[in-house]
Amino acid sequence: MASPTLLTPTSKLKPLLPIKAKATSAAQPHPPPQQQPLRRQFLTLAATTTTTLSLAGLLPVTAAFAASDEEYVKETEVVINKVRSTINMDKNDPNIAFAVAELREASNSWVAKYRREKALLGRASFRDIYSALNAVSGHYISFGPTAPIPAKRKARILEEMDTAEKALSRGR
């Protein structure tokens, strides 16, 4: 015996009644249609003024440009030297935590500055430095600033630094 709540192939479906929205007193009226043209006029005026002033040379136009090649080379060499000096420090050196913090700050600023430069992304020096910085930062984040870097990882990082330095000297 079928229960009355089950649907069976022979059951007849009742049509659903449409739901009517109730009018509430909290309904807010739409803004008057005159406000939108005023906004458009303001935006048009602002865009025209900005364009005119920038073309006339009164408003400085700051185009997004890549950092100079010389600046990239100098800052990359500084980061390379910091990485080498930090990972070659003795594990009992009392200044190692300070050196690691300094290295992390330098590497974070280097990465933040050059990661979005499309002109540098294809360079071999950028790729190698980025990879080495990632390995060093990952190690110190995972194991702490006083943990020595394992010999195999250290050798790979130093090799990437050498390769990057060679690429930098060749302008790559």
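The values are calculated or read from the model by the stated rules, or taken from the named source; none is laboratory data. What you see is a predicted model; the values in this text were computed from it and never measured. Note that we place each Cβ from the backbone using ideal geometry, even for glycine, and neighbour counts take in every protein chain shown.
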For the stretch 109-123, how many residues are small (Gly, Ala, Ser) and surrounded by fewer than 12 Cβ atoms within 10 Å (Cβ to Cβ)? 2
Sort out which residues of the stretch 58-71 are among the aliphatic types (A, V, I, L, M) and either surrounded by fewer than 12 Cβ atoms within 10 Å (Cβ to Cβ) or modelled with pLDDT of 90 or more (or both), and write them in order of number. LEU58, VAL61, ALA63, ALA64
Residues of the stretch 105-132 being under 17 Å from LEU158 (Cα atoms) and charged (D, E, K, R), in sequence order, are ARG127, ASP128
Turns out the helices (runs of 4 or more DSSP H) fully within the stretch 81-172 with at least 3 residues that are farther than 19 Å from GLU70 by Cβ and not β-branched (Val, Ile, Thr) are 96-114, 124-143, 151-169
Filter the stretch 136-163 down to the residues that are surrounded by 16 or more Cβ atoms within 10 Å (Cβ to Cβ) and in contact with a Lys or Arg (Cβ under 8 Å, 6 or more places away or on another chain) and list them by number. SER137, HIS139, TYR140, LEU158, MET161
Members of the stretch 72-109 found to be at pLDDT below 90 and under 16 Å from the mean Cα position of the chain (by Cα), listed by number: none
